[in-house]
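Some notes on the structure that comes next.
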Amino acid sequence: MSYNLVWFKRDLRVHDHAPLLNAGRNAPVLCLFIIEPSLWAAADAATQHYQFLRESLLDLDAALRKRGGGLRIEVGEAVAVLQRLWQEAPFLAVYSHQETGNWLSFQRDLAVRGWCRERGLHWQEFAQFGVVRRLRDRDAWKAHWEALMAEPCLEPPVCDWIAVPKLPILPEPHTLGLIHPDPPQRQIGGRRQGIETLRDFLFDRCGAYRGSISSPLSAPTACSRLSAYLAFGCLSLREVVQATRRQLAALPRGDARRAGLTAFISRLYWHCHFMQKLESEPELEFTNLHRGYDGLREADWNPAHFQALSAGQTGWPLVDACVAMLQQTGWLNFRMRAMLVSVASYPLWLHWQPVGTWLARQFLDYEPGIHWSQMQMQAGTTGINTTRVYNPIKQARDHDPHGHFVRHWLPALRRVPQEWLFEPWRMPVKLQQQCGVSVGVDIAEPPVDLERATRQAKARLYQLRGRADVKVAKAAIVEKHGSRKQPIRRKTKIAVGDWVQTQFEF
Ligand SMILES: Cc1cc2nc3c(=O)[nH]c(=O)nc-3n(C[C@H](O)[C@H](O)[C@H](O)COP(=O)(O)OP(=O)(O)OC[C@H]3O[C@@H](n4cnc5c(N)ncnc54)[C@H](O)[C@@H]3O)c2cc1C
């Protein structure tokens, strides 16, 4: 009996899953996930991504089995695996979600497209985010996002399934070349965990969203913490948007959570806005969005500066504490991510690409479209965004005024008096002895003078920005990638009603 193949990628759920629903309409369904060694060998892949994936796959398999199906997992390159399955028993068509992934997954998709074409096989891809393939006009983009988010979420299909034996033992990370440590306090994968996180945020934690997401102290609980569940598709963006809007409508006026949820929805919109940039221009993983910035930092790569940053040994306590937190949890809030990139790009004058590859491995929620767009934005190479330079000492004073965050993640500094905590290299030697902290041993000596190096960096950037040819090229980038400010006219009404527990199933 012939069948349809559903190829799961970063969409690890059965709910609101258009490929699954459509594949089940006219034939039995075989659900497939491919562990692709070449993608896991890439420089942006990390053990934590793989472990989160494994947890999510187990969850997905359980959800499929509950409905009579199961997940077939194969290890190999996509075309070779498809060929193998095809030889075992030819399938009618392939169904999957579109992926706006890294360069390798883009090339893989081209190869799969070619393989399907050779066989006259239909490969139907569905959008899972508000990202438009072959987008011609950015002006209509917001309306498109709204329309997609307003469509009803899809129920899992009731269909015939191709039987799949029990899940095989999945390869251990090291067999795929993944050697980086798995952060011991990272979030756990799977839809079940994603739903719990969403529920907890919508009903409770969102009250602190406005006003508490910038400080690294309050952000871990004030932020939604949904990024990894969205990146691996354990939750669909649409179900998160709709659940948030329902909860907003149900909350009384004056409830502090309303402001939080409104601000949160704007981030869900940004999610797709940034991904669209990589979808429209996959090269921005490697090349400056504004080519006039080519050569700005590339040739000045300083390995000692990069080593200090990536080891959390810059001597700027807030920076080092953020790196320590990342190593333990795989997560940081937006402002601290932006600050790390700012420190890398300005005083340390490091090219964003290798820094971004390192950070991609540190972030559990690595989403190439958001990540590379943000890397370039914070490094000042998009040519269309305001230059934001974050001073790590000022950030520490503003967002960790009592030093709790720095002392937590850098225990060696616990006894440093508050007055010196954010600039320990200025501490007199006698005081260092008194509090048992030695600069150069317990905390590094900063590799550059922060103020001077930042001033020089800004001057270099502004000099380039002022060039006539650089100014001219800016207009085309705004046209292609810039956000549009005009308000959105919504065609569809937002559903109002209580957001009930039964809304989400596993
Ligand atoms: C250099 C840099 C790299 C980043 N890399 C990633 C990445 O790889 N993956 C990722 O999901 N986010 C990335 N971000 C954006 C942001 O920092 C994270 O989305 C956020 O910290 C995740 O935590 P949260 O889910 O609790 O966020 P919340 O504040 O609760 O936001 C909810 C969701 O909105 C989206 N979102 C939030 N902020 C942004 C933003 N500024 N741009 C685009 N989408 C946003 C995310 O999907 C997030 O899960 C990056 C930011 C910077 C500065």
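The values are calculated or read from the model by the stated rules, or taken from the named source; none is laboratory data. Quick caveat: nothing in here was measured; it's all calculated off a predicted structure. Every residue, glycine among them, receives a Cβ derived from its backbone with ideal geometry; neighbour counts consider all protein chains shown. Ligands, DNA and RNA are excluded from the accessible area calculation, which covers all protein heavy atoms including side chains. Shrake-Rupley method; radii C 1.70, N 1.55, O 1.52, S 1.80 Å.
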Within segment 223-259, residues being within 14 Å of His97 (Cβ to Cβ) and outside any helix (DSSP H, G or I) number 5
State which residue is nearest to the ligand (Cβ to nearest atom) when the search covers only segment 384-412 and only residues that are open to solvent by less than 10 Å² (accessible area, probe 1.4 Å) and part of a loop (DSSP other than H, G, I, E, B).
-> Asp400
Within segment 270-279, identify whether any single residue is within 11 Å of the ligand (Cβ to nearest atom), among the aromatic types (Phe, Trp, Tyr) and farther than 30 Å from Glu479 by Cα, and answer yes or no.
-> no
Which is open to solvent by 30 Å² or more (accessible area, probe 1.4 Å), not basic (Lys, Arg) and not assigned by TED's automatic domain parsing to the domain that holds Ala46, of Ala111, Ala147, Ala89?
-> Ala147
Among the candidates Ser38, Ser56, Ser105, single out the residue that is surrounded by fewer than 19 Cβ atoms within 10 Å (Cβ to Cβ) and at pLDDT 95 or above.
-> Ser38
Inspect all residues belonging to segment 83-93 and state whether any of them is polar (S, T, N, Q), at pLDDT 95 or above, more than 18 Å from Leu21 (Cβ to Cβ) and within 25 Å of the chain's Cα centre (by Cα).
-> no
Which of the helices (runs of 4 or more DSSP H) contained wholly in segment 300-379 include at least 2 residues that are more than 13 Å from the ligand (Cβ to nearest atom)?
-> 303-310, 317-329
Meets criteria (more than 11 Å from the ligand (Cβ to nearest atom), assigned by TED's automatic domain parsing to the domain that holds Tyr269, assigned to a loop (DSSP other than H, G, I, E, B) and in contact with a Lys or Arg (Cβ under 6 Å, 6 or more places away or on another chain)) for Gly207 | no
Being modelled with pLDDT under 80 and exposed (fewer than 11 other Cβ atoms within 10 Å of the Cβ) is the filter here, so list the residues in segment 449-474 that pass it.
-> Val472
Just need a number here: residues in segment 275-326 that are surrounded by fewer than 21 Cβ atoms within 10 Å (Cβ to Cβ) and of a type in the set (Lys, Arg).
-> 1
Are any of the residues in segment 331-347 more than 16 Å from the chain's Cα centre (by Cα), open to solvent by 20 Å² or more (accessible area, probe 1.4 Å) and in contact (Cβ under 8 Å) with a residue 24 or more places away in the chain?
-> no
May I ask you to list the residues in segment 157-169 that are within 22 Å of Pro19 (Cβ to Cβ) and either open to solvent by 50 Å² or more (accessible area, probe 1.4 Å) or touching a helix residue (DSSP H, G or I) at 6+ places or on another chain (Cβ under 7 Å) (or both)?
-> Pro157, Val158, Asp160, Ala163, Leu167
Report yes if Gly254 is over 28 Å from Phe126 (Cα atoms), without any contact (Cβ under 8 Å) to a residue 12 or more places away in the chain and away from the ligand (no atom under 12 Å from the Cβ), otherwise no.
-> yes
